[in-house]
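Every read-out reported here was derived from the displayed coordinates using simple, explicitly stated rules and does not represent laboratory data. The model shown is predicted, which means the values in this text are computed figures rather than measured ones. Cβ atoms come from the backbone with ideal geometry, glycine included; neighbour counts cover every protein chain shown.
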Amino acid sequence: MRHGSRLVSLAVGIAALGWVLPAQAYTLYVTNEKDNTVTVIDSETLEVTATFDAGQRPRGITISPDGKELYVCASDDDTVRVFDTATLKQTHTLPSGPDPELFILHPSGNPLYIANEDDNLVTVVDVETRQVLAEIPVGVEPEGMGVSPDGRIVVNTSETTNMAHFIDTETFEIVDNVLVDQRPRYAQYTADGSKLYVSSEIGGTVSVIDPAGPEIVKKITFEVPGIVPEALQPVGVAVTSDGSKVFVALGPSNRVAVIDGETDEVIKYLLVGQRVWQLGFTPDEKYLFTTNGNSNDVSVIDVEAVKVIKSIPVGQQPWGVVSSPN
Amino acid sequence: MRRVCLSLLTLLLLLVPLATAQADDKQRIQAAVLRVDHERPLPLSRLDLPTDDLGFAGGRLATADNQTTGRFMNQEFELVEVTASPDQAVATLEDLIGQGIGFIVILADGATTLVLADAAGDRALLINAGSPDDRLRNEDCRANLLHTGPSRAMLADALAQFLVWKRWGDWLLVEGSHQGDQLMAEAYRRAAKRFGADIVEELVFEDTGGARRTDSGHVLVQKQIPVFTQDADDHEVVVVADESEIFGGYLPYQTWEPRPVAGSAGLRPLSWHAAQEAWGATQLQRRFERQAGRLMRPLDFQVWMALRTLGEAATRTRSADFATLRDFILGPEFELAAFKGQKLTYRPWNGQLRQPVLLVSDRLLVSVSPQQEFLHQVSRLDTLGYDEPESACDISR
């Protein structure tokens, strides 16, 4: 009898635990620019499970929709390295043009659009045939890459020209240009495609663009007491799939701004690690990971609670982060 | 004397198939770089030999950058490069203005720059990318003259902040005997006072003329410099003001006491250096090197900033009109990204471009001033050089 009741309470305990913990564990991949490595993190335990070599100066990182292939911009190798996520071994490389920094995968998983800063080009690469499909001339120093949810438009930001270029993915032609503030770094659509957020690092603003125009409908500015305005440098942007919350990494101010996706007003600033650069959700949007380049760690934000819950030490100068889709 | 930039023509040819609009409704924005060349002695190191395209190469790159953006704005940028001797400078300037060129970048000494600004009047906006003279930012400032390079006071303040941060507060100041050297030494005296360093002793290195470089000259230098710096009062660092490049390069490793050297040799405050890679600068360095076939120097960068200023104004105003562009550049909305980690703006009280100053060793970036610990009520960048309350510039625009 006593023995049986203990069993019951244990079962209740497990059920309670199961309710608190996420149902699914994802795998996070973080590029470490200075270490030439990628750190692998388990989203359930929030522990580092592996580290592997990723080529010279790994920066931009993304993953195939099926989660099998990991793509890493090895900037100083002038190539994109492709890793098998099962073995963490490199399977092949993709032609990228010199000094690839950021890229974006078409929602269908192919092709890959790569910003080539040195050549003022966006290079389009077929990830299956490994051939360059097109080179699209854009502004000076292309950097940020975004893609519309329907996959019809790729947006590239050029850091010295200060524009968001809208590229038709069928014709590879630029169909529109929107002038934004100094040094645009990142472009992020909402999941419904109704808004596009473009961060301007030196200008210190995030432009909210109506892609239908396209035109700027609002500029979000930032202010943190005790922080000099020039340290508030927006870089990475992440939007929840329901569009209700927008997170903006503010570089050397060591803050992530949380923005109400309805009003596009800042509602909170979260203190994270030093020189926060890029952001990555887990697919269930329970957690948002931030790469903190000068403190060599990633911060984990509980998205629902809007709270930083943990810092995880990674390699030197973490740059980009992506989660497995499953 | 005049040559329209060939690389620009090549670029235009390349761009023709990409142009989306008719050529006839394009806005044309013309600018010039006027370089007034003086006889100068050779530098101490052959690595620093002057190049024919010094400054011009930076202008070409800025024009190419502007042109890339102009493609999307239906704007076309043209650059005229001119060299002149000091006595031809005004006539050359008149010729440029006569061609309808309103934006002229000047690479000249302070006195010539001032003469040119007065000759231009309100017919042109001159951008001084060459002279570090503080008087051009103070009592001799002009309403039609902007400055993209740091002044001597800005350079000295940048170095002083770092030395004080290091707690190297006792300086031996060694200055040359030429006017520029003495003005630079004066800037170091001012910086020492502002940031709380002590100049424990000053030495003057007299330039007695003679050849700059001789085979095996180092044998004599190794004997002369220790004796020259012997018996100086206790100091933690040697600060050298040798703008004329007569002796500064001889000081590192040759001083009597084992002390670091900073200023014109050793740790140098500069607007630019080919080793600078922070804030995405690698991209600019590579673009420049591919175009010019050499490393980018401070004068190239200062001309690049001057012509990017024009490009930025043309992009933002969507105009080619001289008055519209000038007013935007001088107005509160103007900002420029220039690989220094924050936006650069012109000080309204004297036309000086606010900017971080690099502190570099021979091969690497060591630090960037302003140092975080020196606070300011408006902008930390205004801890460098003459701040608004100290300014002797009285211009009404």
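One table, with the values for the structure above:
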read-out: Partner lysines for A:Lys268 [C-alpha distance under 27 Å; skip if fewer than 8 residues away on the same chain]; value: A:Lys195, A:Lys218, A:Lys219, A:Lys245, A:Lys286, A:Lys307, A:Lys310, B:Lys343
read-out: Shape call, the stretch B:177-266: gyration tensor on alpha carbons, a/c limit 1.5; value: oblate
read-out: Positive-end extreme of charge dipole, the protein assembly as shown - chosen from A:Thr39, A:Ser194, B:Ile329 (charges on Cβ); value: A:Thr39
read-out: Cα-centred dipole magnitude for the protein assembly as shown, charges only on beta-carbon of K, R (+1) and D, E (-1), debye, nearest 20; value: 940
read-out: Per-residue ³J(HN,Hα) for the stretch A:235-247, Karplus 6.51 cos²θ - 1.76 cosθ + 1.60, θ = phi - 60°, Hz, x for Gly and Pro; value: 10, x, 10, 9, 10, 5, 5, 8, x, 7, 10, 10, 10
read-out: Dipole magnitude (debye, nearest 20) for chain B, charges at Cβ of Lys, Arg, Asp, Glu; value: 1500
read-out: Residues with amide H under 5 Å from that of B:Phe77, placed H, sequence gap 5 or more; value: B:Ile29
read-out: Percent of C-alpha pairs per 10 Å bin, the stretch B:242-384, short to long; value: 10, 33, 33, 18, 5, 1
read-out: Lysines whose Cα lies under 18 Å from that of B:Lys193, excluding same-chain neighbours fewer than 8 positions away; value: B:Lys166
read-out: Radius, Kirkwood style, for chain A when every pair of distinct Cα atoms is counted (Å); value: 20.0
read-out: Relative contact order (percent, whole number), chain A, Cα cutoff 8 Å, 6+ residue spacing; value: 12
read-out: Potential lengthening between A:Val175 and A:Asp76 on full extension [0.36 nm per residue; Cα-Cα distance subtracted]; value: 32.5 nm
read-out: Tilt relative to chain B, helix B:152-165 - C-alpha long axis, 0 to 90 degrees, to 10; value: 50
read-out: Within 10 Å of each Cβ in A:227-239, the average number of Cβ atoms from other chains; value: 2
read-out: The stretch A:73-160, dipole about Cα centre (Lys/Arg Cβ +1, Asp/Glu Cβ -1), debye to the nearest 20; value: 480
read-out: Cα→Cβ-extended label distance, 7 Å offset, between A:Ala86 and B:His178, nm; value: 7.1
read-out: Karplus-derived HN-Hα couplings along the stretch B:61-71 (A = 6.51, B = -1.76, C = 1.60, θ = phi - 60°), whole Hz, x at Gly and Pro; value: 5, 4, 5, 5, 4, 4, 5, 4, 5, x, 4
read-out: Shielding by partners - mean other protein chain Cβ count within 10 Å, residues of A:176-182; value: 3
read-out: Gyration tensor verdict on the stretch A:194-295 (Cα atoms; rounded if a/c is under 1.5, prolate if a/b is larger than b/c, oblate otherwise); value: oblate
read-out: Global form of the stretch B:33-133, assessed from the alpha-carbon gyration tensor, a/c cut-off 1.5; value: oblate
read-out: Degrees separating the helix A:2-20 axis from the principal Cα axis of chain A, which is the longest one; value: 10
read-out: Amide hydrogen neighbours beyond the local backbone of A:Arg275, cut-off 5 Å, H modeled; value: A:Asn254, A:Asn294
read-out: Cα long-axis angle, helix B:6-15 against chain B (0 to 90 degrees, to the nearest 10); value: 50
read-out: Under 16 Å from the A:Ser244 label point (7 Å along Cα→beta-carbon), backbone N, the stretch A:284-326; value: A:284-288, A:302-307
read-out: Calculated diffusion of the protein assembly as shown, Stokes-Einstein form, Kirkwood radius summed over Cα pairs, 25 °C and 0.890 mPa s, µm²/s; value: 89
read-out: Shielding by other protein chains, B:60-73, mean Cβ within 10 Å; value: 4
read-out: Rough spin-label spacing in nm, given labels placed 7 Å along Cα→Cβ, for B:Ala111 and A:Asn110; value: 7.2
read-out: B:Asp37 paired with B:Asp382, simple spin-label distance in nm, labels 7 Å along Cα-to-beta-carbon; value: 4.2
read-out: In sequence order, calculated HN-Hα J values of the stretch B:281-293 (Karplus, 6.51, -1.76, 1.60; Hz; x Gly/Pro); value: 5, 3, 4, 5, 4, 5, 4, 5, 5, 5, 7, 9, x
read-out: Length added when fully stretched, A:Asp168-A:Lys307, from 0.36 nm per residue minus Cα-Cα; value: 46.2 nm
read-out: Dipole-positive endmost among B:Ala124, B:Pro43, B:Leu310 within chain B (Cβ charges, Cα centre); value: B:Leu310
read-out: Separation between Cα centres of the stretch B:51-95 and the stretch A:168-215, rounded to whole Å; value: 32
read-out: Antiparallel DSSP beta bridges within the protein assembly as shown, as percent of all bridges there, nearest 5; value: 75
read-out: Ranked packing of B:195-204, A:255-264, B:351-360, B:76-85, most packed first, by mean Cβ within 10 Å; value: B:351-360, B:76-85, A:255-264, B:195-204
read-out: Over chain B, relative contact order from alpha-carbon pairs under 8 Å, at least 6 apart, %; value: 19
read-out: Cα centroid of the stretch B:131-204 to Cα centroid of the stretch B:322-378, whole Å; value: 18
read-out: Gap separating the Cα centres of the stretch A:250-293 and the stretch B:214-266, nearest whole Å; value: 51
read-out: Extension reserve of the B:Thr208-B:Asp118 stretch, reckoned as 0.36 nm per residue once the Cα distance is removed; value: 28.8 nm
read-out: Which of B:Ala187, B:Ile199, B:Gln161, positive extreme of dipole for the stretch B:127-215 (C-beta unit charges); value: B:Gln161
read-out: Amide H partners (placed H, <5 Å) of A:Glu117, local residues excluded; value: A:Glu101
read-out: Overall Cα dimensions of the stretch B:68-220, principal axis frame, Å, largest first; value: 56, 39, 34
